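For reference, the structure is listed below as structure tokens.
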Amino acid sequence: MSAMPKPASSRNDLVARDALDPLAPLRDSFDLPPGLIYLDGNSLGALPRRTAARVGEVVDIEWGAGLVRSWNTHDWIGAAARVGAKIAPLIGASAHEVIVADSTSVNLFKLVCGALGLRPERRVILTEPGNFPTDLYVLQGIVALLGGRVELRLRTRAELADAIDEDTAAVVLTHVHYRTAERWPMAEITARAHGRGALAVWDLSHTAGALSVDLHAAGADLALGCGYKYLNGGPGAPSFVFVAERWQEALASPLSGWMGHAAPFDFVDDYRPAPGVRRQLCGTPGILGLAALEAGIDVFAGVDMAALEAKGLALGDAFIDLVEARCGFANLTLASPREGSQRGSHVSFRHPDGYAIMQALIERGVIGDFRAPDTLRFGFTPLYLRFVDIWDAVETLRQVLDSEEYRQPRFSRRAPVT
Ligand SMILES: Cc1ncc(COP(=O)(O)O)c(C=O)c1O
């Protein structure tokens, strides 16, 4: 991964790169359908081999036989913190700063409300237009809930850093953009926020498990992210929350449920927050979801995140080069940064017939996704993709475009999920 490889000119070039890839054996940790090229691990990660057996064990032994005793005997009560501690090294955090709870949307609500509570005299939440919809919708909901005490300000990438001022309570951004894969300079924006007395809240949904992010080095305050994308925790897996140690005793959760109480089994009437990040728990955690997420996280044990990131970016670079070299006749426009260090682990191209093209690709066994109105999105999960998959995926794309088979009416029929 050290020397800059030349663009591949043949399939064999990429077969050769796989032979030299020290991360290649990790592919065996996944149960991938034969013959399929999966370029959507940035939406739903693939199934780790160990997950089914582990979830089966939790169902049969821990739930079936252990019943309610398993909260203690199988440490279900400690699972949210245990899995959070395993996520921590993947994002440059300490074990006691991360916990698994709720969904990403719910965690964003909790953290932003908490951040506003730390800056009660300030009235602005700052984000960018085109942020992931749930982030925008949750922020709009907070503004409505607080009845006008706070205002949501949207500023473009070019404007945002300068828009952070003494009125800003929190800057809320998605580190890697869900559509374009553009990366925010996390340390720079966080420093800028701190310089103006604001907090920074980072959505790491398209970062965790793909990039070697370092929350400590970036001086991050609060962060959260999905468990079902690059962390391979399964559909609807619970989310993770990071609260920097320095904020843990001051940050309140607006969802003051009993699992975040200092002593839930005292059953007292008055809420008293648990110490540390545990107060970010609200209700009873879903143990089956946590078990599947833990199996996904365990695949990362011993994996060098910097090497993983470098491979994901190299896969993306190879994809961009090959699409431009082999599909140049089609009306595809690169919608992601060409420079790997500016990108996450996915690459998007725009095309007016993007939806139909993606459906035709999927029918041929190359799975990516589509983001309206015209974006074809291809995710490069470094844990299980091979360089040769890039060649084969681009060759399939070339055939779909060259034959114009995507013009068949069935490819334009919209499914509820794109
Ligand atoms: C940046 C970002 N945030 C949040 C979410 C989803 O949040 P939730 O898991 O609550 O549906 C996604 C899903 O794709 C996302 O891309």
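Mind ranking T284, T156 by accessible surface for me, highest first, 1.4 Å probe?
Result of the area sort, largest leading: T284, T156.
Using r as the Cβ-Cβ distance of A53 and D392, and R0 as 30 Å, what FRET efficiency do you calculate, to the nearest 0.05?
After rounding, the FRET efficiency stands at 0.50.
Below 14 angstrom from the Cβ of T190, what's the summed charge of the other residues (Lys, Arg +1; Asp, Glu -1)?
0
If Y38, Y228 are ordered by their accessible area, calculated over protein heavy atoms with a 1.4 Å probe, which sequence runs from highest to lowest?
The residues order as Y228, Y38, largest area first.
Would you check the chain for Lys pairs whose C-alpha atoms are within less than 26 Å, ignoring same-chain pairs closer than 8 in sequence, and give me the count?
Close lysine pairs found across the chain: 6.
Heads up, I need the accessible area for W258: 1.4 angstrom probe, whole protein in place, Å², nearest 10.
For W258, solvent-accessible area is about 100 Å².
Would you mind getting the accessible area per residue of the chain, heavy atoms of the protein chains only, 1.4 Å probe, in Å²?
41 Å²
Please give the direction-averaged projected area of the C-alpha convex hull for the chain, in square nanometres with one decimal.
21.4 nm²
With +1 on each Lys and Arg Cβ and -1 on each Asp and Glu Cβ, and nothing else charged, work out how big the dipole of the chain is about its Cα centre, in Debye to the nearest 20.
400 debye
Filter the chain for me: DSSP H helices, axial length by Cα at least 20 angstrom, mean Kyte-Doolittle hydropathy not below 1.0. List them by residue number.
Helices meeting the criterion: 104-118.
Taking a probe of 1.4 angstrom, what is the accessible area of E166 in Å², to the nearest 10?
So the heavy atoms of E166 present about 120 Å² to solvent.
If we count every other residue with Cβ under 13 angstrom of T104's Cβ, Lys/Arg +1 and Asp/Glu -1, where does the sum land?
Every neighbour counted, the sum reads -1.
Taking only DSSP H segments of four or more residues, each worth -39500 (n - 2.57), what value at 222 nm results for the chain once the sum is divided by all its residues, to the nearest 500 deg cm²/dmol?
-10500 deg cm²/dmol
Kindly sort C327, C113 by accessible area of their heavy atoms, largest first, with the probe set to 1.4 Å.
Putting C327, C113 in descending order of accessible area: C113, C327.
Compute the distance from the alpha-carbon center of the stretch 97-158 to that of the stretch 348-381, in whole Å.
The two parts, judged by their Cα centres, are 30 Å apart.
Would you tell me the accessible area of R122, worked out with a 1.4 angstrom probe on the heavy atoms of the protein chains, in Å² to the nearest 10?
30 Å²
Please report how far the C-alpha centroid of the stretch 168-189 lies from that of the stretch 20-81, rounded to the nearest whole angstrom.
What the calculation gives is 30 Å, centre to centre.
Tally up the carbon and sulfur contribution to the accessible surface of the chain as a whole percent, 1.4 Å probe, everything protein left in place.
56 percent
Kindly provide the pair-distance distribution of the stretch 355-418 built from C-alpha pairs, with 5 Å bins from 0 and whole-percent values in order of increasing distance.
In whole percents, the pair-distance histogram is 4, 17, 28, 26, 15, 8, 2, 0.
Do you know the relative contact order of the chain, to the nearest whole percent, from alpha carbon pairs under 8 angstrom that are 6+ apart?
Relative CO of the chain lands at 22 percent.
What are the GluC sites (Glu not before Pro) within the stretch 178-260 that DSSP puts in a loop, where the Cβ has at most 12 other Cβ atoms within 10 Å?
Hits after loop and neighbour filter: E249.
The values are calculated or read from the model by the stated rules, or taken from the named source; none is laboratory data. Keep in mind that what you see is a predicted model, and the values were worked out from it rather than measured. Cβ sites come from the backbone with ideal geometry, for glycine too, and all protein chains shown count toward neighbours. Calculation scope for accessible area: heavy atoms of the full protein, side chains included, ligands and nucleic acids excluded. Shrake-Rupley method; radii C 1.70, N 1.55, O 1.52, S 1.80 Å.
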